[in-house]
Amino acid sequence: MRIAIASGKGGTGKTTVAIHLYQYLSKLLDDQIQLIDCDVEEPNDLLFIPDAVNIYENTVFTMVPEIDTAQCTFCKKCSDWCEFNAITLVKNLEFAEINKDLCHSCGACSLACEFGAIREYKNPIGTISGYKTTFGTGITEGRLRIGSSMQTSLIRELKKQTASNTVLQILDAPPGTSCPVVETVSGAAYVILVTEPTPFGLYDLKLTVDLLNNLKIPFGVIVNKAGLGNNAVYAYLAANNIELIGEIPFSKEYAESYSKGALLNNVPEELENIYLKTAERLLEVTGIKK
């Protein structure tokens, strides 16, 4: 089973929640749990687990077409078929180019070309790495190549490579509500939305709630930095019958631990109890047996 941790905006504590749930759920599930960092533009789960050991790294490629101008008739059928405006053709100059950063490797142009002028080559878009940890079955992260815009393709391959018989997989999603988030949460049995009790937190929470309602994926909410801001988030949850799975109180000392990458060290007893209860509630709502 896969559970995704998402948030409408960055900085709400999504990674904090993912890391702690990975730790506490591993205790409840006899380590049969895996953490997958799908925030491929800025994967940072490993920063908080310094004893993780790298066990493999795979380069991920997409197939990108290129045009042989000697064979091309510049009929522009390929560019007409391209939905991503990745193909530029100028007949008088005999110029033909495919922008690899816009190309989605759909193969439409190759199918459209009747003159054998298009062939494909491998284009690296990033890496997928696996790490062994002292609890759980390990962490897998995707890391996008600098300059690449193929986040969704890398996340799709990351999910494909991590398909396993592990009892539970936690997917740490990118922030926001764009295509990479949609790809991450697709197929998840449940999504935890992490928000904060601020106007920005509430605004972006509403966007993410609308997204998950459209995708018909069940979800609940964790309020991080509880005690700050106002009660508008709680009023919204109550008005829309959205379950509040847990609250994490704001703590300056906890924030300092985060800044040092020491989230799992010296966790206050109050927070330990909150995360443990949250983990147990998560198993209840998803039907996972201990």
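Just to confirm my filter: which helices (runs of 4 or more DSSP H) fall fully inside segment 192-290 and include at least 1 residues that are under 26 Å from THR166 (Cβ atoms) and of a type in the set (Gly, Ala, Ser)?
Hits in segment 192-290: 269-286.
Select, from ALA52, ALA117, ALA18, the only residue that is at negative phi and over 31 Å from the mean Cα position of the chain (by Cα).
Answer to the selection: ALA117.
Give the number of residues within segment 87-106 that are open to solvent by less than 50 Å² (accessible area, probe 1.4 Å) and closer than 17 Å to THR152 by Cα.
Residues in segment 87-106 being open to solvent by less than 50 Å² (accessible area, probe 1.4 Å) and closer than 17 Å to THR152 by Cα: 2 in total.
Return yes when ASP31 is on the phi > 0 side of the Ramachandran plot, among the charged types (D, E, K, R), touching a residue at least 24 places away in the same chain (Cβ under 8 Å) and open to solvent by 10 Å² or more (accessible area, probe 1.4 Å) and no when it is not.
Judged against the criteria, ASP31 is a match.
Select from segment 144-157 the residues that are touching a strand residue (DSSP E or B) at 6+ places or on another chain (Cβ under 7 Å) and not in a helix (DSSP H, G or I) and write down the one among them that is modelled with the lowest pLDDT.
SER148
Within segment 17-27, is even one residue of a type outside the set (Lys, Arg), under 30 Å from ILE274 (Cα atoms), surrounded by fewer than 16 Cβ atoms within 10 Å (Cβ to Cβ) and assigned by TED's automatic domain parsing to the domain that holds ALA173?
Scanning segment 17-27 turns up no residue that is of a type outside the set (Lys, Arg), under 30 Å from ILE274 (Cα atoms), surrounded by fewer than 16 Cβ atoms within 10 Å (Cβ to Cβ) and assigned by TED's automatic domain parsing to the domain that holds ALA173.
Just to be sure before I move on: is VAL53 more than 22 Å from SER149 (Cβ to Cβ) and in contact (Cβ under 8 Å) with a residue 24 or more places away in the chain in the structure I sent?
yes
Among the listed residues THR127, THR134, THR184, which satisfies the condition of being buried (at least 20 other Cβ atoms within 10 Å of the Cβ) and touching a residue at least 24 places away in the same chain (Cβ under 8 Å)?
Residue meeting the stated conditions: THR184.
Test GLU141 against the stated conditions and say whether it is under 30 Å from PRO50 (Cβ atoms) and either in a loop (DSSP other than H, G, I, E, B) or among the acidic types (Asp, Glu) (or both).
Here the answer is yes, as GLU141 does meet what is asked.
Residues being of a type in the set (A, V, I, L, M) and either assigned to a loop (DSSP other than H, G, I, E, B) or over 25 Å from TYR56 (Cα atoms) (or both): count how many of those fall in segment 158-180.
Number satisfying all stated conditions: 3.
The values are calculated or read from the model by the stated rules, or taken from the named source; none is laboratory data. These numbers were taken from a predicted model, which means no experiment stands behind them. Positions of Cβ are generated from backbone atoms using ideal geometry, with glycine treated the same way; all protein chains shown enter the neighbour counts. Remember, those area values only see protein heavy atoms, side chains included, never the ligands or the DNA or RNA. Shrake-Rupley method; radii C 1.70, N 1.55, O 1.52, S 1.80 Å.
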